[in-house]
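**Q** After the structure tokens below, expect a handful of questions from me.
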Amino acid sequence: MELYIVKSGDTVYQIARRYSTSTDDIISANQLQNPSVLSVGQALVIPNSGTRRTVNRGDTLYSIAHRYGVSLQRLIAANPQIANPNRISVGQTIMIPTDTHHLGEIAVNGYVTDASDSTLNATLPYLTFLSPFSYRADLFGNLTPTFNLNLALSGGHNTANLITLTNLLETGRFSSQIAHAILTDQAVQDTFLENVEILLRQGGWYGVNVDFEYIYQFDRESYNQFLRRLTERMHQLGYIVMTALAPKLSDSQEGLLYSAHDYAAHGQTVDYVVLMTYEWGYTYGPAMAVAPIDKVRQVLDYATQVIPAGRILMGVPNYGYDWTLPFVQGTAARSLSNIDAVTLAGQVQASIQYDQTAQAPFFHYYDGDGRQHEVWFEDARSLQAKYALVNEYGLGGVSFWNLNNLFLTNFIVLESMFSVQKVL
């Protein structure tokens with residue numbers, strides 16, 4: 001895989017010729033909705049099996065192979081256009097094969113709330129775990145599914161399904177009261193755990209993923225005790241436990257979202273911890289990157305001090321936001337997919353910029369009413385920067401929120417750096 005940043009006057013045809021690939025491959029890999037319209041600053045992934053090099057005077061295939069650390073046989077195989085390997089010409093372009101997955105194997109979790117069979121089939125090969133969102137608990141420990149997915153598809157891709165357990169209300173808001181009941185009322189907790197086991201016995205599940213949010217601060221230790229009980233019970237039955245945690249910078253961080261999430265206790269108890277390292281740029285906040293790399297790094301700096309790095313799955317957003325400017329408190333940004341963001345940039349003839357501090361793309365435009373907008377999203381560059389953190393910190397892997405919208409670029413970048421662990 002190579003990355004190309006679109007310049008003024010570029011066309012897909014010209015780019016394809018430059019990289020000795022087909023226009024169809026570029027269109028498909030980047031899910032270009034209108035291939036005739038490219039935006040200046042747009043990042044394109046070029047799906048090839050190596051990097052290009054121009055032959056210089058004195059070069060031989062043997063000397064090039066030695067310089068790039070590949071075998072002569074692999075170099076010859078990657079260049080079938082060379083009729084005689086003993087004769088190459090100055091100025092000739094050859095492909096240097098590169099090993100994918102060079103950073104090793106990682107675990108990949110993906111949350112899904114509503115995705116078509118075609119999207120699931122394209123996504124599951126790149127997942128270790130699929131976490132359908134969610135089974136919603138009530139005040140009495142009952143569980144209600146809120147998703148509609150064909151989970152049988154996971155088996156064909158050796159992807160393990162996890163029951164996602166939440167304290168969500170029907171309105172979609174997290175309930176502190178529901179969490180309190182499950183964590184502190186023994187009878188409610190017993191009913192809850194029995195209902196979890198009933199689901200597991202129905203088959204097709206590899207474990208549970210607990211996403212309890214907005215827990216009262218005074219329920220912090222009750223949550224820790226609950227997770228110890230849950231994990232012991234799940235392990236006895238042969239299942240794993242994963243939890244989702246708010247992005248904290250210290251153990252003492254205050255706020256309903258943070259205070260009851262005890263990083264050290266989770267790290268000592270469960271198999272995997274998902275860090276929700278996104279939503280700095282959010283629906284009701286000012287325009288900024290959803291997951292700025294400098295903010296993500298601060299969370300990882302703290303998390304890896306108290307949680308074994310191999311148990312951490314770093315959260316990665318699969319969406320962006322469109323804000324109307326100037327920001328007014330109480331107004332809402334529009335959520336959009338990464339593909340829709342790039343398509344929008346083309347429609348409004350906006351140049352895409354890239355913030356080096358946040359490591360994220362963005363652009364501005366004016367709508368039909370003359371209002372200015374600011375759009376932040378993810379592209380191949382921002383994803384490469386995030387995945388580099390996985391290697392730098394020695395993390396166990398990543399977790400996507402969410403995979404309802406297919407973004408092939410994400411998986412092309414992921415596969416160019418890592419191989420995906422399969423536990424089935």
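The values are calculated or read from the model by the stated rules, or taken from the named source; none is laboratory data. These numbers were taken from a predicted model, which means no experiment stands behind them. Here Cβ is always computed from backbone atoms with ideal geometry, including for glycine, and neighbour counts include all displayed protein chains. Please note that ligands, DNA and RNA were not included when accessible areas were found on the heavy atoms of the full protein model with its side chains. Shrake-Rupley method; radii C 1.70, N 1.55, O 1.52, S 1.80 Å.
**Q** Restricting to region 97-136, give me the number of residues that are touching a Lys or Arg at 6+ places or on another chain (Cβ under 7 Å) and not β-branched (Val, Ile, Thr). Don't jump to the end; show me each part of the working.
**A** Step one: list which residues in region 97-136 are touching a Lys or Arg at 6+ places or on another chain (Cβ under 7 Å), which gives 97, 128.
Adding the requirement that they be not β-branched (Val, Ile, Thr) leaves 97.
Matching residues across region 97-136 total 1.
**Q** Given the condition assigned to a helix (DSSP H, G or I) and under 30 Å from Arg18 (Cβ atoms), answer yes or no: does some residue in region 109-122 qualify?
**A** yes
**Q** Any idea which of (1) in contact with a His (Cβ under 7 Å, 6 or more places away or on another chain); (2) without any contact (Cβ under 8 Å) to a residue 24 or more places away in the chain; (3) not basic (Lys, Arg) is the one Gly368 doesn't satisfy?
**A** (1) is the only condition that Gly368 fails.
**Q** Residues that are open to solvent by 10 Å² or more (accessible area, probe 1.4 Å) and either in contact (Cβ under 8 Å) with a residue 24 or more places away in the chain or of a type in the set (Ser, Thr, Tyr) (or both): list the strands (runs of 3 or more DSSP E) wholly contained in region 241-341 that include at least 1 such residues.
**A** It comes to 272-275, 320-324, 334-336.
**Q** Kindly indicate which of Gln359, Gln421 is closer than 22 Å to Ser39 by Cβ and polar (S, T, N, Q).
**A** Every option except Gln359 fails the conditions.
**Q** Right, something else. Any residue that is modelled with pLDDT of 95 or more and under 21 Å from the mean Cα position of the chain (by Cα) - is there at least one of those in region 366-373?
**A** Within region 366-373, none of the residues are modelled with pLDDT of 95 or more and under 21 Å from the mean Cα position of the chain (by Cα).
**Q** Additional query: Checking Leu383 against (1) buried (at least 16 other Cβ atoms within 10 Å of the Cβ); (2) not in a helix (DSSP H, G or I): exactly one of these is not met. Which one?
**A** Going through (1) buried (at least 16 other Cβ atoms within 10 Å of the Cβ); (2) not in a helix (DSSP H, G or I) one by one, Leu383 breaks only (2).
**Q** Next up: Tell me, yes or no, whether region 17-28 has at least one residue that is open to solvent by less than 50 Å² (accessible area, probe 1.4 Å), touching a Ser or Thr at 6+ places or on another chain (Cβ under 8 Å) and under 24 Å from Ala122 (Cβ atoms).
**A** Taking every residue of region 17-28 in turn, none turns out to be open to solvent by less than 50 Å² (accessible area, probe 1.4 Å), touching a Ser or Thr at 6+ places or on another chain (Cβ under 8 Å) and under 24 Å from Ala122 (Cβ atoms).
**Q** Which one is farthest from Ala289 (Cα to Cα), of the residues in region 342-367 that are in a strand (DSSP E or B) and open to solvent by less than 40 Å² (accessible area, probe 1.4 Å)?
**A** Ranking the candidates gives Tyr365 first.
**Q** For residues in region 138-157 being open to solvent by 50 Å² or more (accessible area, probe 1.4 Å) and hydroxyl-bearing (Ser, Thr, Tyr), which is nearest to Asn224 (Cα to Cα)?
**A** Going through the qualifying residues, I end up with Thr144.
**Q** Which of (1) open to solvent by less than 40 Å² (accessible area, probe 1.4 Å); (2) aromatic (Phe, Trp, Tyr); (3) in contact with a Phe, Trp or Tyr (Cβ under 7 Å, 6 or more places away or on another chain) is the odd one out, the single condition Tyr135 does not satisfy?
**A** All conditions are met except number (3).
**Q** Given the conditions (1) in a loop (DSSP other than H, G, I, E, B); (2) open to solvent by less than 40 Å² (accessible area, probe 1.4 Å), and given that Val45 satisfies all but one, which numbered condition is not satisfied?
**A** Just one mismatch for Val45, condition (1).
**Q** Give region 49-62 a look and list any residue that's open to solvent by less than 50 Å² (accessible area, probe 1.4 Å) and either modelled with pLDDT of 90 or more or in contact with a helix residue (DSSP H, G or I) (Cβ under 8 Å, 6 or more places away or on another chain) (or both), or say none.
**A** Arg53, Val55, Asp59, Leu61
**Q** Hey, any hits in region 199-214 for a residue that's more than 26 Å from Ile307 (Cβ to Cβ) and open to solvent by less than 10 Å² (accessible area, probe 1.4 Å)?
**A** Within region 199-214 (the criterion being more than 26 Å from Ile307 (Cβ to Cβ) and open to solvent by less than 10 Å² (accessible area, probe 1.4 Å)), the answer is no, since none of the residues qualifies.
**Q** In the set Ala160, Ala187, which member is farther than 20 Å from Ser131 by Cβ, of a type in the set (A, V, I, L, M) and either touching a residue at least 60 places away in the same chain (Cβ under 8 Å) or open to solvent by 10 Å² or more (accessible area, probe 1.4 Å) (or both)? Spell out the reasoning first.
**A** Values: Ala160 fails: farther than 20 Å from Ser131 by Cβ.
Exactly one residue qualifies, and that residue is Ala187.
**Q** Scan region 225-236 and tell me whether some residue there is crowded, with 19+ Cβ neighbours inside 10 Å and in a loop (DSSP other than H, G, I, E, B). Before you say what the answer is, go through the steps one by one.
**A** Taking region 225-236 first, the residues crowded, with 19+ Cβ neighbours inside 10 Å are 226-227, 230-231, 234.
Those left that are additionally in a loop (DSSP other than H, G, I, E, B): none.
No, region 225-236 contains no residue that is crowded, with 19+ Cβ neighbours inside 10 Å and in a loop (DSSP other than H, G, I, E, B).
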